[in-house]
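One structure is given below, encoded as structure tokens.
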Amino acid sequence: MTKFYTQTGDDGYTGLLGKGRATKYDLRIDAIGIVDEANSALGLARSLGKAPQSASIIITCQRDLYNIMTELAVTPENASRFSQLPGERVTWLEQVIDEITKQVPVPNEFIVPGDSPSSAALDYARTVVRRAERAIAFLHHQKLLENPEVLRYLNRLSSLCFALELLENLASGNSQPTLAKT
């Protein structure tokens, strides 16, 4: 029988992809956890989505986030064994955002989240992605993450979440999102 626990983290350390272990509060491990939260938030949004294209876009992003978590977990001596997130993934996000932007009216002011369950879930996912972006920016600036595409990807992913939020509002019958100003 397969067990759902290993007991190897009971000492406050976790394994990396390569030799060595890191504390569970290590900046890399924290960033992996935040990306994992973003993935879960996107999963919630995907489960609630009404727009036909949302699910396929979101699942693709979720798979990209697994690749990012792998890249964060790899030790320097094993980095060449694991593929880095390529710039083409950022280009894909930009293309998807541009396509959605053609379909939705883009408000000129801040909007209040919550016009539909799926749009609210996407707004929540956007905020978690932004938190992941901040954590990874710190790693990148400290020279603990070499691939700048990871940071660029998360920046675009938060923009995609906003575009999808607007699309989900439309799919839910809300043509005008609730604006922050009254």
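Throughout, read-outs are computed from the coordinates displayed, never taken from laboratory work. Source: prediction; values computed, not measured. All Cβ positions, even for glycine, are placed from backbone atoms using ideal geometry, and neighbour counts span all protein chains on display.
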Of SER80, ASN108, GLN62, farthest towards positive along the dipole that unit charges on Lys, Arg, Asp, Glu beta carbons give segment 52-108 = GLN62
Under a plain spin-label model, where a point goes 7 Å from the Cα along Cα-to-Cβ, how far apart in nm are ASP10 and LYS181?
-> 5.9
Could you calculate the FRET efficiency of SER83 with MET1 from 1/(1 + (r/R0)^6), where r is the beta carbon distance between them and R0 is 35 Å, rounded to 0.05?
-> 0.55
Added length on full extension, which subtracts the Cα-Cα distance from 0.36 nm per residue, VAL112 to ARG134 | 5.7 nm
Give, in whole angstrom and from largest to smallest, the semi-axes √(5λ) of the equivalent ellipsoid of segment 88-182, with λ running over the eigenvalues of the Cα gyration tensor.
-> 28, 15, 10
Size of segment 34-78 as Cα extents on the principal axes (Å, biggest first) = 44, 16, 8
Length-normalised contact order of the chain in % [C-alpha pairs under 8 Å, at least 6 apart] = 27
Please report, in whole Å, how far the alpha carbons of segment 31-121 spread along each principal axis, starting with the longest.
-> 47, 26, 24
Within the chain, helix-based [θ] at 222 nm, where runs of 4 or more DSSP H residues each add -39,500 (n - 2.57), nearest 500 | -20000 deg cm²/dmol
Roughly speaking, what is the stretch gain from GLU94 to THR60, that is 0.36 nm per residue apart minus the C-alpha to C-alpha distance, in nm to one decimal?
-> 10.9 nm
Ranked from fewest to most other Cβ atoms within 10 Å of their own Cβ, ARG130, ARG156 fall in the order ARG130, ARG156
Would you list which lysines come within 23 Å of LYS3, measuring only between C-alpha atoms, while excluding same-chain residues fewer than 8 positions from it?
-> LYS24
Which of the chymotrypsin sites (Phe, Trp or Tyr not before Pro) found in segment 61-118 are loop residues per DSSP with 14 or fewer other Cβ atoms within 10 Å of their Cβ?
-> PHE82, PHE110
Could you please state, rounded to a whole Å, how far the C-alpha centre of segment 111-182 is from the C-alpha centre of segment 62-82?
-> 22
